[in-house]
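What follows is one structure encoded as structure tokens, with my remarks underneath.
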Amino acid sequence: MKRNVSMLFFVKKQKNYKAGPASIYLRITVDGTKAETATGRQCDPKRWNNKSGRTNGTKEDIKSFNAFLDHLQSKVYKANHSLCEKG
């Protein structure tokens, strides 16, 4: 059974946000049903690229942060693939 699955990483600021790092969330949409979860990581919203869903930069900590997000994304796709195989 094929399902339509999409993912989005985004910055979620608290209502009383002034400055500093903000939490990164992952939104998974399966056939129109949305679910959000925190990634457990934070970044400066000024460095966040909404279009790519990743942070901008070339330093090692930025590369590590983006690699973590890539790893989460691959885990979600693998879980979806195994669920589709099982029916």
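The values are calculated or read from the model by the stated rules, or taken from the named source; none is laboratory data. Every value quoted in this text rests on a predicted model; they were computed, and no experiment measured them. Reconstructed Cβ throughout: ideal geometry from the backbone, glycine too, with neighbour counts over all protein chains shown. Ligands, DNA and RNA are excluded from the accessible area calculation, which covers all protein heavy atoms including side chains. Shrake-Rupley method; radii C 1.70, N 1.55, O 1.52, S 1.80 Å.
Remarks
- Charge tally in the Cβ shell below 15 Å around residue 71, where Lys, Arg are +1 and Asp, Glu are -1, residue 71 excluded: +4
- Residue-normalised accessible area of the chain, given per residue in Å² at a 1.4 Å probe: 75
- 0 to 90° range, to nearest 10: angle between helix 60-86 axis and the chain longest Cα axis: 20
- Other-chain or far-sequence residues with amide H under 5 Å of residue 44's (modelled H): 22
- Just the protein heavy atoms count here, and of the accessible area of the chain at 1.4 Å, carbon and sulfur take up 50 percent.
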